[in-house]
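Note sheet for the following structure.
The values are calculated or read from the model by the stated rules, or taken from the named source; none is laboratory data. This structure is a prediction, so every number in the text was calculated from the model and none was measured. Neighbour counts are summed over all protein chains in view; Cβ atoms, including those assigned to glycine, are modelled from backbone coordinates with ideal geometry.
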Amino acid sequence: MRRGFKRSWCASFVVLLLLSLSSAQSQGPSSSSSSPSQAVSGSEDSLAAVVRRAKVQKDGHSKKVITDDDLQSGLGPLPRLKTDEAENGEDVIAAIAKYKQSHSPEQTETVVRRWYNEYDTELAAAIKNNLETKEVRGASVNNAYEVCQNEQDYSECRRRQVAEAKGARYDQADIARTGQWIVRLQHSLSNVRNRLLQMGFRYDWFKVRTTNNIDRF
């Protein structure tokens, strides 16, 4: 009787011991958890990384140097001509003189020619537009006149004549406005060219278009 009890007690003790060990292992720190010191160290590393990135970005901006390509990527180092305000040709000449001080004659000519080409292109487009508008309007008026000669319906003919008259007045106003702009640009380009000659810059390509869009002076 006592031996059976003793064996039963020993078995119970072993079971309790195993349960205690299992519970202790489940409550212990897992290998994936971080200690306080590790957490602080991780935060410091993250902060240092942020500081390093910010420094790199700051240094990158501070090292940006303005080059000739940057200046010429937009309007270039020379100012635009003012065609609806007081003429600013002298501002263009001053900018050319300033550019010349730190650049070679070849570089200066390249800048001036790029500036000139922009306005020569605009001038050519404006003259072409006026010439085409005049041609189209003249053809429309002649066509309306011929149609009316053969038109049996007087009211329809009269309607066409009125419409053509209105269109002609509109075109004439548009042609006049564009013509004034053309003359202003021709005058400004001529003044800039004359000032360049006084400064010793003789560019054979710097010629101003006439209103026939063929000849240059």
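A quick yes/no check of all residues on (1) touching a residue at least 60 places away in the same chain (Cβ under 8 Å); (2) closer than 18 Å to Thr121 by Cβ; (3) among the hydroxyl-bearing types (Ser, Thr, Tyr); (4) surrounded by 14 or more Cβ atoms within 10 Å (Cβ to Cβ):
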| site | (1), (2), (3), (4) |
| --- | --- |
| Asp171 | no, no, no, yes |
| Leu185 | yes, yes, no, yes |
| Arg195 | yes, no, no, yes |
| Tyr203 | yes, yes, yes, no |
| Thr211 | yes, yes, yes, yes |
For this session: Output the residues belonging to the stretch 83-98 that are assigned to a helix (DSSP H, G or I) and either within 14 Å of Gly200 (Cα to Cα) or more than 24 Å from the chain's Cα centre (by Cα) (or both).
Result: Gly89, Glu90, Asp91, Ile93, Ala94, Ile96, Ala97, Lys98
Exercise. When only residues in the stretch 109-125 that are in contact with a helix residue (DSSP H, G or I) (Cβ under 8 Å, 6 or more places away or on another chain) and surrounded by fewer than 18 Cβ atoms within 10 Å (Cβ to Cβ) count, which is nearest to Asn194 (Cα to Cα)?
Worked result: Arg114
Exercise. Do we find a residue being in a helix (DSSP H, G or I) and closer than 22 Å to Pro79 by Cα anywhere in the stretch 197-211?
Worked result: yes
For this session: Return yes when Arg158 is touching an Asp or Glu at 6+ places or on another chain (Cβ under 6 Å) and modelled with pLDDT under 80 and no when it is not.
Result: no
Seminar exercise, completed: Condition set part of a loop (DSSP other than H, G, I, E, B) and modelled with pLDDT under 75, scope the stretch 64-82, selection farthest from Leu189 (Cα to Cα): answer is Lys64
Exercise. In the set Leu131, Leu189, which member is assigned to a helix (DSSP H, G or I) and modelled with pLDDT under 95?
Worked result: Leu131
Exercise. Among the candidates Thr108, Thr83, which residue alone is touching a Lys or Arg at 6+ places or on another chain (Cβ under 8 Å), of a type outside the set (Lys, Arg) and over 30 Å from Asp171 (Cβ atoms)?
Worked result: Thr108
